[in-house]
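Visitor: First the structure, which I've put down as structure tokens, then a few questions once you've had a look.
The values are calculated or read from the model by the stated rules, or taken from the named source; none is laboratory data. Since this is a predicted model, take the numbers as computed values, not measurements. Don't worry about glycine lacking a Cβ; one is built from the backbone with ideal geometry, like all the others, and counts go over all protein chains shown.
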Amino acid sequence: MLDAVAEFFGDLVRALMEGRGFWYMFAYFFGLMLLERALYLFQERHHWNEADARANVKNGVFTALVDATLGALVFVTIYTFIFDHLRLFTFPLTLWAFVLAWLLNDLAYYVDHRIAHRTGLFWALHHTHHSSNEMNILVAQRGNVFLLGGTTAPCYFVLALLGVPLAMFATVKFFGNLWGIFNHTRLVDRMGPLEHVLATPSNHRVHHGADAKYLDKNYGQVLIIWDRLFGTYQREEEPPRFGLVTPLESYRLWDIQTSGLQWLWGQLKRAETWRDRWNYLWKPPGWSHDGRHETSETVQQRAGISPSPPPRASAWQAQ
């Protein structure tokens, strides 16, 4: 059994290093998207927004082209340099090393994702992903070209520093992305006991919610245990209103890609000092130099929502 698993991973690593991983991911995404679109024809609860779908396809193609060329080149160059010259250890190409690398990758995703929501500069880039007012498989492809294939996610480079080879990183990232695409759907309800462990579609719908109680919650890609451990978990209760607090009412590719950067530029122009400008880059979105904050905390406070309690053992059973 273990030999078969090892052979499978070996074949996958070779395929990813030869560039075939993109086509595997594309086939998976395309098949999942077609299945979801077909299922929408047989249910009445949710409306399919054709304009939003077309915008997501255009954005996904544009982003994929940039990521497959410039983004991949920049990311691989930095990752390889850190691994070759600065690594502290070296992960062996064994099954248990892959499992550990997968856990580290998922934790890195959680931390980078949380940073993207809690700092103005990174939110200006991540803003694109939350700009759709819908929630379906196509929304998973609403990324920003300036993310450069993960180059602006600093915790991934910690894996290089720890000695995770690029081939191993690409493999565990591949599996993480498979699940990350799947959890962008409204057609899968709660998944029973898996809700306690995984970032299920229900848990991820919360993350895309613009309702006060859902802001800055459920950052995990595959595992929801990081959110439970670090106090950012929120159960899906009322159906979320998807999108941004101030919705983006445009399907133009330019607006989808740059609206977050335009927002940040507007904040920087309001600043009165260089210190204020620095704070707009690194403080949470909604921070204001004049004290009139619109951060998720102030929005929740006005809505009468208490801050998340500190993690405790009983929280694992709270559903």
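Visitor: Which residue pairs have Cβ atoms under 9 Å apart, sit 6 or more places apart or on different chains, and have a first residue in the stretch 158-183 that is on the phi > 0 side of the Ramachandran plot and a second that is aromatic (Phe, Trp, Tyr)?
Guide: GLY163/PHE83; GLY163/PHE89; GLY163/PHE91
Visitor: Among the residues of the stretch 117-164, how many are in a helix (DSSP H, G or I) and among the hydroxyl-bearing types (Ser, Thr, Tyr)? If you could, list the steps in order and put the result at the bottom.
Guide: Going residue by residue through the stretch 117-164, those that are in a helix (DSSP H, G or I) are 117-118, 120-130, 137-141, 145-150, 155-162.
Next, from what is left, pick out any that are among the hydroxyl-bearing types (Ser, Thr, Tyr): 128, 156.
Qualifying residue count, the stretch 117-164: 2.
Visitor: Given the residues ALA124, ALA72, which is the only one that is farther than 22 Å from TYR28 by Cα and out of contact with any strand residue (DSSP E or B) (no Cβ under 7 Å at 6 or more places or on another chain)? Spell out the reasoning first.
Guide: Working: ALA72 fails: farther than 22 Å from TYR28 by Cα.
When all the criteria are applied, what remains is ALA124.
Visitor: In the stretch 155-207, what residues are aliphatic (A, V, I, L, M) and touching a Ser or Thr at 6+ places or on another chain (Cβ under 7 Å)?
Guide: As a first pass, look at the stretch 155-207 and keep what is aliphatic (A, V, I, L, M): 158-162, 164, 166-168, 170, 172, 178, 181, 187-188, 191, 194, 197-199, 206.
Scanning the stretch 155-207 gives LEU166, MET191, LEU194.
Visitor: Another question, if that's okay. So HIS46 fits all but one of (1) surrounded by 14 or more Cβ atoms within 10 Å (Cβ to Cβ); (2) under 30 Å from PHE242 (Cα atoms); (3) within 20 Å of the chain's Cα centre (by Cα); what number is the exception?
Guide: Checking HIS46 against (1) surrounded by 14 or more Cβ atoms within 10 Å (Cβ to Cβ); (2) under 30 Å from PHE242 (Cα atoms); (3) within 20 Å of the chain's Cα centre (by Cα), the one that fails is (3).
Residue by residue, here is whether (1) farther than 18 Å from ASP67 by Cα; (2) surrounded by fewer than 19 Cβ atoms within 10 Å (Cβ to Cβ); (3) β-branched (Val, Ile, Thr) holds:
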{"residue": "ASN144", "(1), (2), (3)": "no, no, no"}
{"residue": "LEU147", "(1), (2), (3)": "no, no, no"}
{"residue": "LEU161", "(1), (2), (3)": "yes, yes, no"}
{"residue": "PRO165", "(1), (2), (3)": "yes, no, no"}
{"residue": "LYS173", "(1), (2), (3)": "no, no, no"}
{"residue": "LEU178", "(1), (2), (3)": "no, yes, no"}
{"residue": "HIS184", "(1), (2), (3)": "yes, no, no"}
{"residue": "THR200", "(1), (2), (3)": "yes, no, yes"}
{"residue": "HIS208", "(1), (2), (3)": "yes, no, no"}
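Visitor: What are the pairs with Cβ atoms under 8 angstrom where one residue, in the stretch 234-256, is polar (S, T, N, Q) and the other, located anywhere, is modelled with pLDDT under 95 and surrounded by 12 or more Cβ atoms within 10 Å (Cβ to Cβ)? Sequence gap at least six, or different chains.
Guide: These pairs meet every condition: GLN234/SER308.
Visitor: Do you know which of the residues in the stretch 201-211 that are part of a loop (DSSP other than H, G, I, E, B) and touching a Lys or Arg at 6+ places or on another chain (Cβ under 7 Å) is farthest from ASP112 (Cα to Cα)? So that I can check it myself, show each step before the final result.
Guide: To start, the set of residues in the stretch 201-211 that are part of a loop (DSSP other than H, G, I, E, B) comprises 208, 210-211.
Next cut, touching a Lys or Arg at 6+ places or on another chain (Cβ under 7 Å) only: 210-211.
Details: ALA210: 20, ASP211: 22 Å.
Within the stretch 201-211, the match that is farthest from ASP112 (Cα to Cα) is ASP211.
Visitor: In the stretch 45-69, which residues are acidic (Asp, Glu) and either outside the structural domain of ALA153 (by TED's automatic domain parsing) or in contact with a strand residue (DSSP E or B) (Cβ under 6 Å, 6 or more places away or on another chain) (or both)? It would help to see each step written out before you state the result.
Guide: At the first step, the residues of the stretch 45-69 found to be acidic (Asp, Glu) are 50, 52, 67.
Selection gives GLU50, ASP52.
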